[in-house]
Amino acid sequence: MESEERQLAGRIVVPGEPVDDAGGEEPYVASVGGVRRATVVGMIRESEEGGRTFVKLKGVYIPEPGHVVIGLITSVGIMNWFVDINSPYTAVLSVQDFLGRPFNPAVDDMSALLKVGDYIKAKVVAFDKTRSPTLTVQGEGLGRIVRGKVIEISPAKVPRVLGRKRSMLQVLEEKTGCSIFVARNGRIHLECPNEDLEAIAVMAIKIIEEEAHTSGLTRRIIKFIEEERKVREV
């Protein structure tokens, strides 16, 4: 892709700086002495409608009930699996939840159901920072991921990959022909028509992650995908 001048899409803010009237979610913005201040490195961005929003540029994923995440099975317990959700907190998925019925050790082999290294789509059902997050795979679209590719980005860059009103995600899917699911914890599941389109989609997502703080990114991503498809003849 041809080099272009990169311009910041807003004003960089460091922890402790006031964010004034810019919208932003806790715990990345906190009220200190009656003044709303950033708690992480972020940027105040101006929207096309004239509003201002504070978005974090760095940070880790903190699970919340209702979040859909992509987890990696890291170990098998007696009655549950331990799941890496790209967070400081290791999550737990019970075998009863996975089966949707009581577990029978005489006939149910947990390692045959889910093994170390498997990815799952799951919903966080409980978390209070005193116990491990609890997951469920009971729900539409949830369960073991059996096809496609899973990649990982910084959880802080998830909003940029989605775009306003999911506009960037729509561009990625339309231009590559891939089905792309972006989880709140920074993991992304892609199902693409072929390996070339998968590679192009992955590279485009990595560009978004690296250049999330710059303006004109959507235009550059469209140009990148079109040029790559032309070179690869896909």
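Readers should treat all values here as calculations from the given coordinates under stated rules, not as data from a laboratory. Since the structure is predicted, the reported quantities are computational estimates derived from the model, not experimental observations. Counting neighbours? That spans all protein chains shown, and the Cβs are built from the backbone with ideal geometry, glycine included.
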Would you mind putting 218-228, 152-162 in packing order, based on average other-beta-carbon counts within 10 Å, highest first? 152-162, 218-228
Between Rg and the Kirkwood Rh of the chain, both from Cα atoms, what is the Rg to Rh ratio? 1.02
In debye, nearest 20: dipole of the chain around its Cα centre with unit charges on the Cβ of K, R (+) and D, E (-)? 340 debye
Setting aside same-chain residues fewer than 8 positions from K157, which lysines have a Cα under 17 Å from its Cα? K56, K58, K165, K206
Under a GNM of the chain (C-alpha, springs under 10 Å), which listed residue has the highest mean-square fluctuation: V182, V107, V55? V107
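Explain nothing, just the number: dipole magnitude of region 78-183 about its Cα centre with +1 on each Lys and Arg Cβ and -1 on each Asp and Glu Cβ, in debye rounded to the nearest 20.
Magnitude of the dipole: close to 520 debye.
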Region 84-209: projected area of the alpha-carbon convex hull, averaged over directions, in nm²: 9.1 nm²
